[in-house]
Amino acid sequence: MLPVVVVHGGAGHIPKERAENSTSGVCSAVRLGYLVLQEGGSSMDAVVEAVVQLENSPYFNAGCGSVLNVKGEVEMDAIVMDGKTLDSGAVSAVRNIANPIQLARLVMDKTSHACLTAEGASKFARSMGVPEVPQESLITEYSRMRWKKNLAPEANPVECQMGKMGTVGAVAVDKEGNVACATSTGGMLNKMEGRVGDTPCIGSGGYADNLSGAVSTTGHGETIMKVMLARLILFHMEQGQSAEAASDLGLAYMKSRLGGLGGVVTVDPRGNWAARFSSQQMSWAAAQNDTLHYGLYTGEHFRRSIRDTH
Ligand code: ASP
């Protein structure tokens, strides 16, 4: 078992014309993460590498391609957690940076804090030499179109949240058996300015502990926070459930208790993994033993050699 990387590209309902890009996006991100592990990198290096790749793709709601808040601006949240030390780093409501996940990692590595927000996070980014990018470089035509549509008086931005997808996340186990998670998002469509979702909240958007496993989540943040979905799943694993069964139990609880839909990627420290969701779709991919696994719809699970790039 052991080394494995699993990534997701957000729970929701993906328009047909974006499905292919979403699937190829998660597949190339998981390849990069897996390469890091093969070259002896840590699970933390692997999840950050995979998520950076997804943040850079305009097809996901993270980094470039983030959804816009009600004012038409980009505010992003991200978290990383290291299962060996239980150290974590997060940023919330950050603007004008290309890769919030790298800033979250810097918060973990270079500060004594677990989360920095808004202007303070930007100041920290500057002090670390993280380049500032114009907001325009993070906004796509698609995200602007969705924003405009949801400003219309008859629109119901809350209801159509699941109509978008694209929060990104990854979990990994390295050859030492260390687990890690990373999650990054632009948040919810037309959210209030300053709204912070589940993603940067430890135990909700992600959690990693070498004694049980690692989880990265996606879905309606306000609902995920109510059940602390990542930690809930690891609790079930502590009780002896497999990664897959625990993921299903956590998602089923969120659905039955609150009507909330979502998705997760989960690993245990031996390298058993799961990609599960209660939403219509979630693009996901996993790499282990030189095999690439991926899917988009419920029950879909394609397999091929990692060396096969077509
Ligand atoms: N969980 C994210 C948030 O609420 C959104 C998502 O996963 O689609 O900010």
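Taken as Cα centroids, the stretch 1-16 and the stretch 271-291 sit 5 Å apart, rounded to the nearest whole angstrom. Across the chain, counting alpha-carbon atoms alone, Rg and Dmax equal 17.3, 54 Å. Spin-label model, residue 109 to residue 253: label points 7 Å out along the Cα-to-beta-carbon direction sit 3.4 nm apart. Quick one: among 283, 212, 43, which has the greatest mean-square fluctuation in a GNM of the chain with alpha-carbon springs under 10 angstrom? Highest fluctuation among the options: 212. With the convex hull drawn around the C-alpha atoms of the stretch 43-113, the volume per residue stands at 84 Å³.
Couplings for the stretch 22-27, taken from phi via the Karplus curve 6.51 cos²θ - 1.76 cosθ + 1.60 with θ = phi - 60°, read 5, 5, 5, x, 5, 5 Hz in order; Gly and Pro are left as x.
Taking 0.36 nm per residue of separation and subtracting the current Cα-Cα distance, fully stretching the chain between residue 126 and residue 154 would add 6.0 nm. For the stretch 1-139, the convex hull drawn through the C-alpha positions has a volume of 126 cubic angstrom per residue.
Which residues does the label zone of residue 38 cover in the stretch 275-297, counting backbone N under 16 Å from a point 7 Å along Cα→Cβ? Under 16 Å, as judged by backbone N against the label point of residue 38, lie 286-293 of the stretch 275-297.
More than 19 angstrom separation, counting every C-alpha pair in the stretch 197-286; what % is that?
Numbers: 1079 of 4005 pairs.
Summing the P(r) tail past 19 Å for the stretch 197-286 gives 27 percent.
Can you tell me, using C-alpha contacts under 8 Å and at least 6 residues apart, the relative contact order of the chain as a whole percent? Working shown, then result.
On the way: 873 pairs, mean separation 78.4, N = 310.
Computed value for the chain: 25 percent relative contact order.
Fully extending the segment from residue 176 to residue 87 would add 30.3 nm, taking 0.36 nm per residue of separation and subtracting the current Cα-Cα distance. What translational D, rounded to a whole number of µm²/s, comes out for the stretch 99-217 from Stokes-Einstein when the hydrodynamic radius is the Kirkwood one over Cα pairs, at 25 °C and 0.890 mPa s? Diffusion coefficient, whole number: 149 µm²/s.
Only the coordinates and a few stated rules stand behind these numbers; no lab work does. Note that the structure is a prediction, hence the values are computed from the model and not measured. In this analysis, Cβ positions are derived from the backbone assuming ideal geometry, glycine residues included, and neighbour counts consider all displayed protein chains.
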